[in-house]
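**Q** Handing you this structure, nothing more for now.
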Amino acid sequence: MTRPSPRLISGFLTVGGWTLLSRVLGFARDILIARFLGTGAAAEAFFIAFSLPNMFRRFFAEGAFNMAFVPLYAKKLEAEGEEADAFARDAVAGMVMILTLFTVLGILFMPALVLAMASGFADDARFDLTVAYGRVAFPYILLISLAALVSGVLNSNGRFLAAAAAPALLNVVFIAAMALAAVFPDLVANWMQSPTRSGLVGQALIWSVPLGGAVQLGLVWWAAARAGHRLLPRRRPRMTPDLKRLLIIAAPAALAGGVVQVNLLVGRQVASYFEGAVAWLNYADRLYQLPLGVVGIAIGVVLLPDLSRRVRAGDTKGQRDAYSRATEFSLLLTIPSAVALLVVPTTLISVLFERGAFTADDTAATAVALMIYALGLPAFVLQKVLQPLYFAREDTRSPLRFAVVSMVVNAAVAIGLAGTFLGYAAAALGTTLAAWAMAFLLWRGARGLGEVARLDTRARQRSWRIAVAAIGMGVVLWAMNVLLGPMLVGPWRGLGLLILVLSGIVSYFGLAQLLGAIRLSELRGAVRR
């Protein structure tokens, strides 16, 4: 029997709440990075080095593999019970074998990977530093990919807490390492040789990557074991019929994931030719990733296993209800977030990051990128709503075709316009336009699925009300930004930003309730569940 939609919303809130905590800790992490490293060589080397395992993680774990594994595991769980965990154990064995080999190759060929990601570093000191950092960080891919697989098992069983909380631990490790390097530099220098404070902080940061991955894997593995899921392989890797089916489904998704990573690579390449741009784009990315992570990850994690069960059960009405509630939930939080990032980008960045090595010029450059990313925020989240419609039916080919089109759009814009007045901002614009192209193609393709891919009356009626409430909130934010101006640049700027944010939240949810875009009683009911 499939779960009712209130449980679906409750899952969204559980995952979204923990993801919000992780993103807040991520802000604290990046505030410290901006404080100690600014946009200098150590900062850019860390951002590129950390992006390498993250890029392949999205390719192997949250991308191709997870999108293929979760529907198959969820269906086995519904039909065969204990056979589902046997399938998961075989998947763990295969993943360990493949990713161990891949990790070794990545460490050996790290100079080539750095050139592929940021060839603009080739002729300066950033290149050797990034290669050294990359070799330390790259084993993270094995640890976090295994954590993603175990998280898929937990999520399919309706256990969202540990998997959602795990990313927060990585940021805790980052913050603790930087604090240790900054407060006790002599102690840290006993293990890490560096003539400068920024060098010590950079080394502490990069060694936190594999340590944080191990902590994340440990948490979800422990949670799975407590829930009765013993996932340690009992035999050597072998090609079972189930794994063969998994690879057949995953192959197109892997190619689609590769296309998405090419988009990221193009942006990094363009940025690497503008001094400081890698860091500017990263700090802007952190801000727009807050709503994208809270909403997009929650939708993707909860919706896919739910839809997979409903597809197997032939529950057409339930599928449409799940799709409509997911769309409604995503728009409810994404539209106002995009408006806020467009209205007060400079204030947000200056208060959060402008201190120490991060200057007013860095704030202005980062704000431009943030506004461009904000225009694409709804498209990024809508992709998370639309893709499960395909993956729940084991259709990974259609998203591949759409991803290729988005890659062409991204490359044409980012590379073609980098030499114009846009400069580094062309990378952000390419990302945004590619996101809208992907969302449009997913939506158009989903129309062939019939009723299950059509929003119900409630979702359609609430969508325009959400947009109106968000515009009203934008007006309030603009007025409050002007009113609080002196406080936002003085010693009380943190308090000023808090007042600004709270005014936006109160005005938005007040208008949304007044216009009928939301019923707060529904959210309270979901939270209680």
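**Q** Tally time: how many residues in segment 361-419 are farther than 30 Å from residue 75 by Cβ, aliphatic (A, V, I, L, M) and not in a helix (DSSP H, G or I)?
**A** Counting residues in segment 361-419 that are farther than 30 Å from residue 75 by Cβ, aliphatic (A, V, I, L, M) and not in a helix (DSSP H, G or I) gives 1.
**Q** Only one of these conditions is not met by residue 372: (1) surrounded by 21 or more Cβ atoms within 10 Å (Cβ to Cβ); (2) closer than 30 Å to residue 311 by Cα. Which number is it?
**A** Going through the list (1) surrounded by 21 or more Cβ atoms within 10 Å (Cβ to Cβ); (2) closer than 30 Å to residue 311 by Cα, residue 372 breaks only (2).
**Q** If you go through segment 47-103, how many residues are modelled with pLDDT of 80 or more and of a type in the set (D, E, K, R)?
**A** Counting residues in segment 47-103 that are modelled with pLDDT of 80 or more and of a type in the set (D, E, K, R) gives 2.
**Q** While we're on this one: Is there a residue in segment 234-249 that is of a type outside the set (Asp, Glu), touching a residue at least 24 places away in the same chain (Cβ under 8 Å) and within 13 Å of residue 153 (Cβ to Cβ)?
**A** no
**Q** With respect to the numbered conditions (1) in a loop (DSSP other than H, G, I, E, B); (2) within 15 Å of residue 266 (Cβ to Cβ); (3) within 23 Å of the chain's Cα centre (by Cα), which one is the sole condition not fulfilled by residue 422?
**A** (3)
**Q** What helices (runs of 4 or more DSSP H), lying completely within segment 430-529, carry at least 2 residues that are touching a Gly at 6+ places or on another chain (Cβ under 8 Å) and surrounded by 13 or more Cβ atoms within 10 Å (Cβ to Cβ)?
**A** Because the criterion is at least 2 residues that are touching a Gly at 6+ places or on another chain (Cβ under 8 Å) and surrounded by 13 or more Cβ atoms within 10 Å (Cβ to Cβ), the helices (runs of 4 or more DSSP H) in segment 430-529 that meet it are 457-483, 493-515.
**Q** So which of 129, 108 ends up being more than 24 Å from the chain's Cα centre (by Cα) and surrounded by fewer than 21 Cβ atoms within 10 Å (Cβ to Cβ)?
**A** 108
**Q** Of all residues in segment 237-273, how many are modelled with pLDDT of 80 or more, surrounded by fewer than 18 Cβ atoms within 10 Å (Cβ to Cβ) and either out of contact with any helix residue (DSSP H, G or I) (no Cβ under 7 Å at 6 or more places or on another chain) or part of a helix (DSSP H, G or I) (or both)?
**A** Of the residues in that region, 0 qualify.
The values are calculated or read from the model by the stated rules, or taken from the named source; none is laboratory data. This is a predicted model, so every value here is computed, not measured. Glycine gets a Cβ as well: all are built from the backbone with ideal geometry, and neighbour counts include every protein chain shown.
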